[in-house]
Structure formats: structure tokens, C-alpha cells
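Student: I'd like to ask you about the structure that follows.
The values are calculated or read from the model by the stated rules, or taken from the named source; none is laboratory data. Computed from a predicted model, the values in this text were never measured in an experiment. No Cβ is skipped: glycine too gets one built from the backbone with ideal geometry, and neighbour counts run over all protein chains shown. When the accessible area is computed, the model is the full protein with side chains, heavy atoms only, and any ligands, DNA or RNA have been set aside. Shrake-Rupley method; radii C 1.70, N 1.55, O 1.52, S 1.80 Å.
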Amino acid sequence: MIERSLFSEEHNLFRASARRFVEERIAPFHAEWEKAGQVSREIWAEAGEGGFLCCSVPEEYGGVGADFTFGAIFTEELARVGSTGPAFHLHSEIVAPYITAYGTEEQKRKWLPGLVNGSVITAVAMSEPGAGSDLQNIRTTAIADGDDYVINGQKVFISNGQLADLVVLACKTDPAAGGKGVSLVLVEGDRAGFTRGRNLDKIGYKAQDTSELFFNDVRVPKSNLLGVEGRGFKQLMQQLPQERLVIAVRSATIVETALDWTLDYTKQRKAFGKSISDFQNTQFKLAEVKSQAVMLRVYVDKCIELHLKGDLTAVDAAMAKMQSTEMMCQVLDDCLQLFGGYGYMWEYPIARAWADNRMARIAGGTSEIMKQIISRDILQD
Ligand SMILES: Cc1cc2nc3c(=O)[nH]c(=O)nc-3n(C[C@H](O)[C@H](O)[C@H](O)COP(=O)(O)OP(=O)(O)OC[C@H]3O[C@@H](n4cnc5c(N)ncnc54)[C@H](O)[C@@H]3O)c2cc1C
């Protein structure tokens, strides 16, 4: 194994406490949350209390101003136990950075401490029934009316949709201006006219409250605008590399974890008087997965290193997202096969991982959109 070189002693201590938290407070409750279709609010407060949320938020807003690696470590530890319910990474590594980067001083003081301690759960609402990849064509509007915006529209597939207290909403403040009319607006969960639709019935991520959201003449003050009017699309694009890197971090860990599960299983499962791991087909498959796991980890760690220096490009992140998720899905399928029928049983982590992680090739920008970003770049050169 190529040794990872990203971590200091402080990172290692953080990992040990994150691992304890995840093993004691997340893993034992996950099946219960899957039945409920969402996680408990309490787990958010516990994660906040443990110092696991929004590690990068600066001290003056309630955080500890830690580097991105801490959030990545927490993401890895959650992935290691197959946790898909609490969308902590979305809250900490996607929403908090929007507010930190574009929020006014007042917005940061008002919201960030709650994000850090877990009392405010967040969501980011971009996708609509008629526009997912094609975000410039969203139809939700926020039209200025005196000191307010009046919001109308519908969102779909929104993670944390049922639990969210605060939504970063992508909407059109100038519907005639295409992509240049997109803005980000903060919408509190208790605003009149804001309703939550179905908690969607998915093939995986069953403990995740991925939902529809409806906005019917929802009034918010103009001070809820996040960043600059009409710059929302650009703001989204600026933050997407970090989102994609987080997905790659998660995927790299799942590939390694699937390998561990499969090594254990194939060594103990017998057929034709041998262990499954004695068959050459199994050995070759495991060798392929091991090599993929190592190569993926080295690239993803390099991306983290670049990101810490502010040098991760949108293309680097798109390659990380596309390759890691495609590889992960292939690996999960190959590993599941080595479990035979047990690999198809929900009680086996490999089955859940296979179903859960299919979404990774779609959410956060589909593989096809990643290819578009990469090919545009090479053809331009
Ligand atoms: C579990 C889950 C959680 C999610 N969480 C969130 C969330 O929290 N917030 C949020 O806003 N969204 C969320 N999403 C939505 C997700 O980001 C979208 O599903 C994704 O961006 C794709 O959009 P779409 O579903 O509308 O597919 P479409 O855009 O309709 O795409 C359909 C197909 O066409 C392909 N395609 C589209 N355009 C092109 C093109 N130009 N060239 C080639 N192929 C193309 C796509 O790659 C895809 O294969 C989530 C989705 C899932 C499944």
C-alpha cells in the first residue's frame, strides 16, 4: 500500500474520535433510520457537540477554522460503515462554504454557529422536475417586491428536505436573463408558503430524507440574498469542485471498504471443497480491485493536497468525481458478485452499498456532465 501522507498527529486524533462517534452513535441506529426514512434530529446535535460539523468554519462564527482534511476524514469514517442517512458532508462541505464565502457579516453571525452545533440543519435546492443538469434553465423565481423577494416554484431530489431548517435556494431573480438571472436565496424552513412534499422512495439512501420542496408566494426579506444578485450560477460553479472532491473522497473509501468486506467473505465462504478466494477468478478480481483502490486513493489525496493550496481546478475535480464514482460502482458490482446470493440481501453491507452508491454517478453532476467539462478543456487546448 502506498502510504498516505496528508495527515498530521492532530488529524489522526480527530480520525480516532470520528471513528468512535460513527461506530457508537451512527452505525447501530442506521437500520432504524432506514425504516423511518430519515435520521433523528438528535444525531445532528450530537455530531455538532462532538465537533464533527463544519470544521472549516472560522472561529468568529463558532467553528474551529480547521482545514478541509478534517471534513474529509469525517466523510471517510462515515463511508467506512456505509452510513448514507445523515447528509453531514452536504451541510458541512457544501452549504457552510456557500455561507462563509458569500454571506454578509450578519448572515454569517446569524447562521453559522447553528450549522456548527447542529441546531440548524441545511439543504441546497438546485434541481427541479424540469432541470437538473441544465441548471441555467431552472424555473423557480424570486421576484423583488419592495424589501422582499416573493418566491414561487418547485424543487426535487433535495437531500435533508424534510429536516432542513435553512435552504440555500437556487432561483431566478431575473427570469429573462437566463443563467445570468440565477441567484442564491436563503429560505428558512418555517416561512409561510414553503411546504415539503414527499420524502422520495429511492432504491438506496433509505435513511436520507431526499424530498420535493414547494414554494408558493414565499416572502423573504432581500437581506436573505446570498452573494450577488444574478451571480448565483457562478457562485454555484465556484463551489462545485469541493462538492465533487468530497464525493471522490467518499467513493475512494467505499472502494477500499468493499475490498475488505469481500476479502473476509471470500476467505470464509466454501464451494467445491475450497474457499471462494482459492478460485483464480476471485484472486484476479480482488487483485484488480486492490490496484484500482490504490490508484484512486493516490489521485484523490493529490486532489485534496491541491485543494488545500487553492489549486484544485474544476477539471481536476470533475475527473476525480467521474472516475471515482464509475470505478466505485463497477467495484461494488464485481464484489457483490463474489458474495453470490448473499450479496443481494439487504442485511449484507455490500448489497446496501451497491444500491446506495448508484446515485453517485448522477448526483453532484452526472458522469456525462463531468465528461463534458473534461472534454471541453482538452479540446480547447
Ligand atoms: C439521492 C439524490 C440526492 C440528490 N440531492 C440533491 C440535492 O441535495 N440538491 C439538488 O439540488 N439536487 C440533488 N439531486 C439531484 C441531482 O443533482 C440531479 O439528479 C442531477 O444533477 C441530474 O439531473 P436530472 O436528474 O434532472 O437528470 P437530467 O439532467 O434530466 O439528465 C438525464 C440524463 O441525460 C444526461 N444529460 C443531460 N445533459 C446532457 C448533456 N449535455 N450531454 C450528455 N448527456 C446529458 C444526464 O447525464 C443523464 O444521464 C440529488 C439526486 C439524487 C438521486
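Student: What dipole magnitude, in Debye to the nearest 20, does the chain give about its Cα centre under +1 on Lys/Arg Cβ and -1 on Asp/Glu Cβ? If you can, show how the numbers build up before the last one.
Tutor: Details: 41 positive and 50 negative charges, 170 e Å.
Result for the chain is approximately 820 debye, rounded to the nearest 20.
Student: Hey, what do the phi angles of the range 191-196 turn into as Karplus ³J(HN,Hα) couplings, whole Hz, using 6.51/-1.76/1.60 and θ = phi - 60°, x for Gly and Pro?
Tutor: Going residue by residue, I get 5, 4, x, 8, 10, 9 Hz, with x marking Gly and Pro.
Student: Quick one: with all protein chains in place, what share of the accessible area of the chain is carbon or sulfur, to the nearest percent (1.4 Å probe)? Provide the component values of the computation, followed by the final result.
Tutor: Details: 8950 of 17180 Å².
About 52 percent, which is the carbon plus sulfur part of the accessible surface.
Student: Would you be so kind as to identify which of 47, 126, 88 lies farthest towards the positive end of the dipole of the range 21-165, taking Lys and Arg as +1 and Asp and Glu as -1 on Cβ and the Cα centre as origin?
Tutor: Most positive-ward Cα: 126.
Student: Residue 302 to residue 260: extension gain in nm, 0.36 nm per residue of separation minus the Cα-Cα distance? If you can, show how the numbers build up before the last one.
Tutor: Numbers: separation 42, 0.36 × 42 = 15.12 nm, distance 2.32 nm.
Full-extension gain reported as 12.8 nm.
Student: Still on this structure: Kindly flag which residue pairs out of 155/371; 108/222; 155/202 have an alpha-carbon separation exceeding 22 Å in this structure.
Tutor: Distance filter (> 22 Å) returns 155/371.
Student: A further question follows. Which lysines does residue 290 reach when only Cα atoms under 24 Å apart count, and residues fewer than 8 places away in its own chain are ignored?
Tutor: Those lysines meeting the cut-off are 267, 270, 274, 302, 321.
Student: Still on this structure, I have one more. How high is the relative contact order of the chain, in percent, with contacts defined as C-alpha pairs under 8 Å that are six or more residues apart?
Tutor: So the answer I get is 16 percent.
Student: Take the alpha carbon gyration tensor of the range 189-269, find the square roots of its eigenvalues, order them as a ≥ b ≥ c, and report rounded if a/c is under 1.5; if not, report prolate when a/b exceeds b/c, else oblate.
Tutor: On the way: a/c = 5.13, a/b = 1.89, b/c = 2.71.
It comes out oblate by the Cα gyration axes.
Student: Relative contact order for the range 57-139: what is it in percent, counting Cα pairs under 8 Å that are at least 6 residues apart? Can you show the working numbers first?
Tutor: Details: 58 pairs, mean separation 22.3, N = 83.
After rounding, I find 27 percent.
Student: Ignoring everything except DSSP H segments at least 4 long, calculate the 222 nm mean residue ellipticity for the chain; use -39,500 (n - 2.57) per segment, divide by total residues, nearest 500.
Tutor: -15000 deg cm²/dmol
Student: Here's something else I'd like to know. Anything in the chain that counts as a DSSP H helix reaching 30 Å or more along its axis (C-alpha) with Kyte-Doolittle mean of at least -1.0? List them, would you?
Tutor: Length and hydropathy pass: 232-268, 280-308, 314-338.
Student: Between residue 205 and residues 5 or more places away or on another chain, which pairs have amide H atoms under 5 Å apart, with H built 1.01 Å from N, and which residues are they?
Tutor: Placed amide hydrogens put 356 under 5 Å from residue 205.
Student: With a cut-off of 8 Å between alpha carbons and a minimum separation of six or more residues, what is the relative contact order of the range 175-282 in percent?
Tutor: Averaging sequence separation for qualifying contacts and normalising by length gives 26 percent for the range 175-282.
Student: Rounded, prolate or oblate, given the Cα gyration tensor of the range 59-131, with a/c below 1.5 counting as rounded?
Tutor: oblate
Student: Test of understanding: what is the full-extension gain from residue 379 to residue 202, defined as 0.36 nm times their sequence separation minus their Cα-Cα distance?
Tutor: In short, 60.0 nm is gained.
Student: Counting heavy atoms of the protein chains only and a 1.4 Å probe, report the per residue accessible area for the chain as a whole number of Å².
Tutor: Details: 17180 Å² over 381 residues.
Solvent-accessible surface per residue comes out at 45 Å².
Student: Let me know the charge dipole size of the range 340-381 about its Cα centre in debye, to the nearest 20, where only the beta-carbon of Lys, Arg (+1) and Asp, Glu (-1) is charged.
Tutor: That gives a dipole near 80 debye.
Student: Please work out whether the chain counts as rounded, prolate or oblate from its C-alpha gyration tensor, where a ≥ b ≥ c are the square roots of the eigenvalues and a/c under 1.5 means rounded, while otherwise a/b larger than b/c means prolate and anything else oblate?
Tutor: Prolate, because a/c is 1.5 or more and a/b exceeds b/c.
Student: Using DSSP to call loops (not H, G, I, E or B), can you name the GluC sites (Glu not before Pro) in the range 305-381 whose Cβ has at most 11 other Cβ atoms within 10 angstrom? If you can, show how the numbers build up before the last one.
Tutor: Details: sites: 305, 326, 347, 368; in loops: 347.
Listed in order of number, the matching sites are 347.
Student: Using the charge dipole of the chain (Lys, Arg: +1 at Cβ; Asp, Glu: -1 at Cβ; taken about the Cα centre), state which of 211, 287, 255 has its Cα farthest towards the positive end.
Tutor: Result: 287.
Student: Let me ask you something else. Each label point is 7 Å from the Cα along the Cα-to-Cβ direction; what then is the distance between the points at residue 330 and residue 294, in nm?
Tutor: Label at residue 330, label at residue 294, 1.8 nm between them.
Student: Can you tell me the dipole magnitude for the range 181-306 around its Cα centre, using point charges on the Cβ only (Lys, Arg +1; Asp, Glu -1), in Debye to the nearest 20?
Tutor: Its charge dipole is roughly 260 debye.
Student: Highest GNM mean-square fluctuation, the chain, Cα pairs closer than 10 Å: which of 159, 275, 324?
Tutor: 275
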